[in-house]
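Enquirer: What follows is a single structure, and I will ask about it in a moment.
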Amino acid sequence: MKGLLTKDFLTIKKKYGIARLIMDLAIIAALMIILEGAGSIYISFLLVPLEIASMIITLANSDEQWKWGKYAVALPLSKKQIVTSRYAFAGIGATIGLCVALVVNTISYFCFPAYQYGFYLFLSVASFCVVLLFLAFILPSNYWLGVNAGFAVMFILIILLVVLGIWSRVTNNAIMGFIVENFDLSMAIGFISVIVLFVLSYVLSVTLFKRKYE
């Protein structure tokens, strides 16, 4: 399975390269300068999930182009291990996204200290959960109907996230107010729910992949 992970990392390195990294850093810097304190929110809940999700879709697209699935099932690995390696890569990507969100929110705390640091930690963890939520829907879609389905799911999730943000603004941040008032409960329910959904997504993906290459 280590070889499968290496293949995925090399694919992302080839498809993205240093230019994409520089572009992402420039976007992060621009959002922080232009939007100030609000910049970390857009980075945490839009940029980070979008980048991680796009990486997973890029891998799925490469697999389809190279007919990788037919070759992978001929390897001395079970179908479950093949799917596990992709979910492991997704988990690593989500963890990297968490680190990026944590750095951005820490900078925002020191430069634009509108709230206590605990709030910025919450934003970082919430960003991690949003990434896992995106991947929990995108990955099974890729195994079921292909990369186009995964892309469509990502697009729908982004629209829903934007609509949720607009609705929150219209209602004077009612969602955020509820979370602040019930912080511990909200964190526990949200985190556990996303983890359970991600595990169920993994089980579904294994089933779909096995059916596809029976």
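Enquirer: Wholly within region 1-49, which helices (runs of 4 or more DSSP H) include no fewer than the required count, namely at least 2 residues that are modelled with pLDDT of 90 or more and within 18 Å of the chain's Cα centre (by Cα)?
Expert: Details: elements: 2-15, 17-35, 39-42.
Filter on region 1-49 gives 2-15, 17-35.
Enquirer: Please verify whether LEU160 is part of a helix (DSSP H, G or I), touching a Lys or Arg at 6+ places or on another chain (Cβ under 9 Å), within 15 Å of LEU50 (Cα to Cα) and not hydroxyl-bearing (Ser, Thr, Tyr), treating the condition exactly as stated. I'd like the intermediate steps shown before the answer.
Expert: Values: part of a helix (DSSP H, G or I): yes; touching a Lys or Arg at 6+ places or on another chain (Cβ under 9 Å): no; within 15 Å of LEU50 (Cα to Cα): yes; not hydroxyl-bearing (Ser, Thr, Tyr): yes.
Spelling it out, it is not the case that LEU160 is part of a helix (DSSP H, G or I), touching a Lys or Arg at 6+ places or on another chain (Cβ under 9 Å), within 15 Å of LEU50 (Cα to Cα) and not hydroxyl-bearing (Ser, Thr, Tyr).
Enquirer: Can you work out which of the residues in region 50-83 that are open to solvent by 60 Å² or more (accessible area, probe 1.4 Å) and hydrophobic (A, V, I, L, M, F, W, C) is nearest to the chain's Cα centre (by Cα)?
Expert: Filtering region 50-83 for residues that are open to solvent by 60 Å² or more (accessible area, probe 1.4 Å) and hydrophobic (A, V, I, L, M, F, W, C), the one nearest to the chain's Cα centre (by Cα) comes out as LEU50.
Enquirer: Still on this structure, please answer the following. Filter region 22-34 down to residues that are farther than 14 Å from PRO113 by Cα and open to solvent by less than 90 Å² (accessible area, probe 1.4 Å), then give me how many there are.
Expert: First, the residues of region 22-34 that are farther than 14 Å from PRO113 by Cα: 22-31, 33-34.
So of that shortlist, the ones also open to solvent by less than 90 Å² (accessible area, probe 1.4 Å) come out as 24, 26-31.
Within region 22-34, residues that are farther than 14 Å from PRO113 by Cα and open to solvent by less than 90 Å² (accessible area, probe 1.4 Å) number 7.
Enquirer: Go through region 102-140 and count every residue that is among the aliphatic types (A, V, I, L, M), more than 20 Å from ILE57 (Cβ to Cβ) and in contact (Cβ under 8 Å) with a residue 60 or more places away in the chain.
Expert: Taking region 102-140 as the starting set, the residues that turn out to be among the aliphatic types (A, V, I, L, M) are 102-104, 107, 114, 121, 123, 125-126, 130-133, 135-136, 138-139.
From the residues that got through so far, the ones that are more than 20 Å from ILE57 (Cβ to Cβ) too are 102-104, 107, 114, 121, 123, 125-126.
Then drop every residue that is not in contact (Cβ under 8 Å) with a residue 60 or more places away in the chain, which leaves 104, 107, 114, 123, 125-126.
Residues that pass the stated criteria total 6.
The values are calculated or read from the model by the stated rules, or taken from the named source; none is laboratory data. Every value quoted in this text rests on a predicted model; they were computed, and no experiment measured them. Note that we place each Cβ from the backbone using ideal geometry, even for glycine, and neighbour counts take in every protein chain shown. Only protein heavy atoms, including side chains, enter the accessible area calculation; ligands, DNA and RNA are left aside. Shrake-Rupley method; radii C 1.70, N 1.55, O 1.52, S 1.80 Å.
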